[in-house]
Amino acid sequence: MAESMRGLHRSHRCAELTKANVAETVTVMGWVQKTRNTGGLIFADLRDRSGLLQITFNEEKLGAEGFEKAYRLRSEFVIAVTGTVVEREGGVNHKLVTGEIEVVASEIRILSEAETPPFPIEENSRTKDEVRLKYRYLDLRRPDIQRNLIMRSKVAAIVRQFLVEEGFLEIETPVLCKSTPEGARDYLVPSRVHPGNFYALPQSPQIFKQLLMCSGYDRYFQIAKCFRDEDLRADRQPEFTQIDMELSFVDVDDVIDVNDRLLAKVFKEVLDVEVPLPIPRMTWREAMERFGSDKPDTRFGMELVNVTDVVKDCEFVVFKGAVENGGSVRGLNAKGQGGMPRKKIDALVDFAKDYGAKGLAYVALQEDGSVKSSFAKFMKEEEMSALIQAMDGEPGDLLLFAADRDKVVFSVLGALRCELAKRMELIDENQFNFLWVTEFPMFEYSEEQGRYLAMHHPFTMPMEEDLHLLDTDEPWQARAKAYDIVLNGTELGGGSVRISMNDVQEKMFKALGFTKEEAYERFGFLLNAFKYGVPPHAGLAFGFDRMIMLMTHSESIRDVIAFPKVKDASDLMSEAPNVVDQKQLDELFIQTVKVEKDMDFE
């Protein structure tokens with residue numbers, strides 16, 4: 001039967017106790033991890049968020065009634081213990097921070113009994129994700145998950161402190177907003193008092209933070225909850241958190257400088273990792289040419305090589321066709337992999353096909369100097385020699401080639417490069433390589449919509465030397481004053497200098513296919529604000545969840561969010577989303593349409 005903790009006050013968390021506390025009387029509280037009964041003595045590992053502490057119960061100290069309580073203890077019982085800190089008699093447990101001491105109990109209270117949990121509360125659980133997330137309140141007791149969330153809290157506190165000291169003001173922006181569908185799908189909220197009208201949950205505080213710059217607040221930040229109705233993956237959730245900021249009277253270098261120093265402070269104070277400053281920069285074009293990705297992992301080499309000019313006159317139809325159609329031929333040199341079995345090479349071909357390749361050409365350079373190739377018979381000897389030389393090929397190397405439109409070639413080889421690095425164990429998982437990628441294209445073509453879209457968003461400023469391109473028939477050639485911060489091949493954050501000149505903004509909307517009326521219908525309150533004096537301004541947002549995922553070396557973003565969703569955006573614990581009362585629907589003037597349960601929305 002559960003007891004009250006009246007009169008008891010916790011003096012320490014479990015892992016706060018050290019040898020310095022020996023002979024002190026303390027009161028600790030927490031969950032029983034496990035017990036061991038040796039007959040005359042009962043040992044229990046007590047767990048709270050700080051760690052584990054061994055408690056020793058004996059009848060002489062506790063009395064018969066107290067010892068009976070200790071005898072009844074089971075895993076996950078919640079207890080309070082008062083006792084004396086002593087040095088361990090049975091030897092030091094080097095696996096525990098508190099391994100040199102234990103508490104000999106003089107009083108025990110069972111504050112709550114517990115049923116046997118559906119899975120062990122332990123680090124690195126092998127329990128299926130579906131079970132863990134259904135019982136998330138138990139999963140959150142695991143020490144590794146608790147460490148992740150404690151680190152998350154610490155990072156948030158450091159970020160706040162740093163930005164406040166840099167002159168930023170923390171200002172909250174609305175969660176119920178107007179829908180401006182340009183990009184990912186909005187989550188919509190029906191209005192009861194405005195029948196047929198909807199709010200949207202914010203995909204970011206973008207427009208509001210720009211309005212704050214118009215209002216003279218100069219430097220704003222917010223650790224903001226954002227929402228996107230899109231398909232999920234390991235580093236994505238329908239609701240996520242951004243470290244969001246905006247600055248007035250600045251340019252690219254100013255924004256990068258303050259964020260260089262922010263990242264250096266966070267990683268030094270939390271992980272004791274030195275981030276060399278300034279963080280290197282690379283243009284988008286260079287990143288694509290060298291790594292096939294605008295978020296390159298620079299912890300290893302194996303860069304792409306453009307061999308288009310080398311093979312443009314050969315008779316291999318795959319290479320020849322790609323060049324004639326305006327594409328390119330590029331390759332990777334997997335050093336030392338020339339002896340890879342054909343079965344594994346075929347698996348790489350299948351991998352490449354998942355990223356849009358029609359196939360993958362290869363040359364395996366054998367240690368004895370011979371050559372195995374999927375296309376050698378279509379190449380003259382001198383052409384093959386020139387290709388191997390261009391790839392810096394040596395005996396024992398495996399050369400892999402993609403030939404197609406640049407977009408496909410970059411996608412294929414960029415992904416293949418990272419896959420090979422994993423298989424070849426080229427990546428130092430304890431290394432943190434930051435990189436700024438700059439000068440992104442202003443526009444990207446959407447095959448789905450059949451038109452050009454803003455790569456960043458419609459308020460991004462073009463590079464000054466490319467402004468004239470907005471007046472031409474090819475505005476998509478313009479580069480943007482946009483920048484992403486990349487960590488170990490993952491986009492950690494991104495931002496841009498914003499358009500603060502009306503004529504440039506109008507040209508931008510025109511290039512995107514908006515009429516003036518459509519632009520004002522969607523963004524009128526921002527455009528009207530610009531009429532009353534707008535400072536040059538720029539900003540950036542970090543993916544806070546992604547940052548913590550990388551800092552903790554977690555495999556999934558779910559392991560750094562207290563109550564995450566699964567792939568179909570549902571919460572297995574609370575069973576959200578779910579049906580609501582018809583009365584609520586009637587009040588909102590909503591009628592639902594029945595759909596088949598097995599419909600696939602992915």
- Query: polar (S, T, N, Q) and in contact with a strand residue (DSSP E or B) (Cβ under 8 Å, 6 or more places away or on another chain) - does that describe any residue in the stretch 567-590?
  - Reply: yes
- Looking at (1) crowded, with 19+ Cβ neighbours inside 10 Å; (2) part of a loop (DSSP other than H, G, I, E, B), which is the one condition that is false for F267? (2)
- Can you tell which of Y483, Y445 is under 23 Å from A184 (Cα atoms) and open to solvent by 30 Å² or more (accessible area, probe 1.4 Å)? Y445
- Message: Residue pairs, Cβ under 6 Å, 6 or more apart or interchain, first in the stretch 321-344 and under 19 Å from A390 (Cβ atoms), second open to solvent by 70 Å² or more (accessible area, probe 1.4 Å) and assigned to a strand (DSSP E or B). List them.
- Response: R330/N306
- Message: Can you find a residue that is over 39 Å from the mean Cα position of the chain (by Cα) and open to solvent by 30 Å² or more (accessible area, probe 1.4 Å) anywhere in the stretch 297-309?
- Response: no
- Query: assigned to a loop (DSSP other than H, G, I, E, B), open to solvent by 30 Å² or more (accessible area, probe 1.4 Å) and at pLDDT below 90 - does that describe any residue in the stretch 516-529?
  - Reply: no
- Task: Please work out which one of (1) part of a loop (DSSP other than H, G, I, E, B); (2) under 20 Å from E246 (Cβ atoms) is the condition R141 fails and give its number.
- Result: (2)
- Scope the stretch 67-76; condition open to solvent by less than 10 Å² (accessible area, probe 1.4 Å) and in contact (Cβ under 8 Å) with a residue 40 or more places away in the chain; matching residues: L73, E76
- Item | Residues located in the stretch 310-331, provided they are of a type in the set (A, V, I, L, M), in contact with a helix residue (DSSP H, G or I) (Cβ under 7 Å, 6 or more places away or on another chain) and surrounded by fewer than 21 Cβ atoms within 10 Å (Cβ to Cβ) | V310, V323
- Item | Lone unmet requirement of (1) open to solvent by 10 Å² or more (accessible area, probe 1.4 Å); (2) in a helix (DSSP H, G or I); (3) of a type in the set (A, V, I, L, M, F, W, C) for A357 | (2)
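Would the stretch 376-393 turn up any residue that is free of Cβ contacts under 8 Å to residues at least 40 places away in the same chain, outside any helix (DSSP H, G or I) and either open to solvent by 50 Å² or more (accessible area, probe 1.4 Å) or among the small types (G, A, S) (or both)? Can you show your working first?
Taking the stretch 376-393 first, the residues free of Cβ contacts under 8 Å to residues at least 40 places away in the same chain are 376-377, 381-382, 384-385, 388-389.
Keeping just the survivors that are outside any helix (DSSP H, G or I) gives none.
No; the residues of the stretch 376-393 include none that is free of Cβ contacts under 8 Å to residues at least 40 places away in the same chain, outside any helix (DSSP H, G or I) and either open to solvent by 50 Å² or more (accessible area, probe 1.4 Å) or among the small types (G, A, S) (or both).
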- Note on the structure: The one condition Y217 fails out of (1) part of a loop (DSSP other than H, G, I, E, B); (2) under 25 Å from L527 (Cα atoms); (3) open to solvent by less than 40 Å² (accessible area, probe 1.4 Å) is (3)
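The values are calculated or read from the model by the stated rules, or taken from the named source; none is laboratory data. It should be emphasised that the depicted structure is a prediction, and the values quoted were computed from it without experimental measurement. Virtual Cβ from ideal backbone geometry, glycine too; neighbours counted across all protein chains shown. These accessible areas exclude ligands, DNA and RNA; they are computed on the full protein's heavy atoms, side chains included. Shrake-Rupley method; radii C 1.70, N 1.55, O 1.52, S 1.80 Å.
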